[in-house]
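The values are calculated or read from the model by the stated rules, or taken from the named source; none is laboratory data. No experiment lies behind these values; they were computed from the predicted model shown. Virtual Cβ from ideal backbone geometry, glycine too; neighbours counted across all protein chains shown. Remember, those area values only see protein heavy atoms, side chains included, never the ligands or the DNA or RNA. Shrake-Rupley method; radii C 1.70, N 1.55, O 1.52, S 1.80 Å.
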Amino acid sequence: MDLSVIHLLLILSASLDGESNESRIYLKIKNGDQQAFRKFFEAHHDELYRYLYSKGVAKEAAEDLIQRAFVYIWENRASIEEHKSLRAYLFRIAYTRMLNLFRDNEKFDQNKEIRELDYTDSSSQPDQDIHQRELNKTIEEAISAMPEKRQNVFRLCFMQEFTYKEAAEFLDVSVKTVENHMGLALKDLRLSLSKAAEDYL
């Protein structure tokens, strides 16, 4: 359990070192560089698919939403602001279209529990598998108990590995707000994991 918590904290404290390189890629895309756009597509296609799937979007629908989101960015590349996260913009486009899809199909239910991805390793030993499932359950229960905005921030920064800046742009809030919510989320999670560790021991 200690290793899992350490891994969690390392991801959450990731730096923003790659932003300058991303800005250069965004500028290339803005200038019509197809190779740069292809690299951007390859870098974010799978994670965007996992995000949509975790929200309950079917495979074919998810692929369609992804394609349309990337096409929209390419067709509107002239308006790209290279100092802002294009990744966050991509996710926001896909998210908005996802809500429209649910609305159009009359399947959107705000009270429906959202599926979470199963990160357990089916090849692990039975006792390790059970322990990992218990840990995942504890983490998910802790996240679900958080206020909605804090949940959203945590899921973006941890599960989608967004930087604080990207999460702020996606949620249309300040970076400071994201930092505050993440601080509170970490406090909640540490408390839950500490209690779980005591129960486990």
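Summary table below
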| quantity | calculated |
| --- | --- |
| In Å², nearest 10: area of S192 left accessible to a 1.4 Å probe | 40 Å² |
| FRET efficiency, W74 to T177 (Cβ-Cβ, R0 22 Å, nearest 0.05) | 0.10 |
| Gyration tensor (alpha-carbon) shape descriptor, region 130-177, a/c threshold 1.5 | prolate |
| R0 of 22 Å, Cβ-Cβ distance K84-Q151: FRET efficiency to nearest 0.05 | 0.40 |
| Gain on full stretching of the segment that runs from D46 to D104 - 0.36 nm per residue minus C-alpha separation | 18.4 nm |
